[in-house]
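As structure tokens, the structure follows; a few thoughts come after it.
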Amino acid sequence: MARARRERLASSDFDAIMKAPAIRIRSGALRLLARPNGLEQSRLGLIVGKRQLPFAVDRNRLRRHIRTRFREARPNETLDVVVHLMGGRRDGNRREADLEHKRWADRLFLRLDGSTEDKS
């Protein structure tokens, strides 16, 4: 549990990253913002709102998938990363929406691997 807490961002860190990200990547309704942190390991922050995914099980599934992809990603430097779900599918098909969100997350972290430049 201690390791998981060290990998998460504090609320003050969110503000700094949101105001001046060094890396911006968007995939579907997911937006990734990141900046170098100068620490020994990268840290992750997630913004997945109830408005975008009304069911807690869907929000938690997406968070779990993003955390897994974050651990697997190997960027060249240690980063503070915020992943923000900007919108979601609202057509009622939760299974398809879940698969689409996972595809977006996979694409985000594929683009982050080895990335250090701004990709707005």
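The values are calculated or read from the model by the stated rules, or taken from the named source; none is laboratory data. For clarity, every value in this text was computed on a predicted model and none was experimentally measured. Heads up, the Cβs are rebuilt from the backbone with ideal geometry, glycines too, and the neighbour counts pull from every protein chain shown.
Descriptive notes on the structure:
- Residue within segment 95-116 that is hydrophobic (A, V, I, L, M, F, W, C), at pLDDT 90 or above, assigned to a helix (DSSP H, G or I) and on the phi < 0 side of the Ramachandran plot present: no
- Residue 59 vs. criteria under 21 Å from residue 17 (Cα atoms), at pLDDT 85 or above and either basic (Lys, Arg) or surrounded by fewer than 20 Cβ atoms within 10 Å (Cβ to Cβ) (or both): no
- In segment 14-33, residue modelled with the highest pLDDT [restricted to those that are assigned to a helix (DSSP H, G or I) and farther than 17 Å from residue 48 by Cβ]: 19
- Residue 41 out of contact with any His (no Cβ under 9 Å at 6 or more places or on another chain) and surrounded by 18 or more Cβ atoms within 10 Å (Cβ to Cβ): no
Residue by residue, here is whether (1) within 13 Å of the chain's Cα centre (by Cα); (2) in a strand (DSSP E or B); (3) under 14 Å from residue 109 (Cα atoms) holds:
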site: 53; (1), (2), (3): no, no, no
site: 57; (1), (2), (3): no, no, no
site: 65; (1), (2), (3): yes, no, yes
site: 70; (1), (2), (3): yes, no, yes
site: 80; (1), (2), (3): yes, yes, yes
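- Counted residues, segment 40-51 - those being touching a strand residue (DSSP E or B) at 6+ places or on another chain (Cβ under 8 Å) and in a loop (DSSP other than H, G, I, E, B): 3
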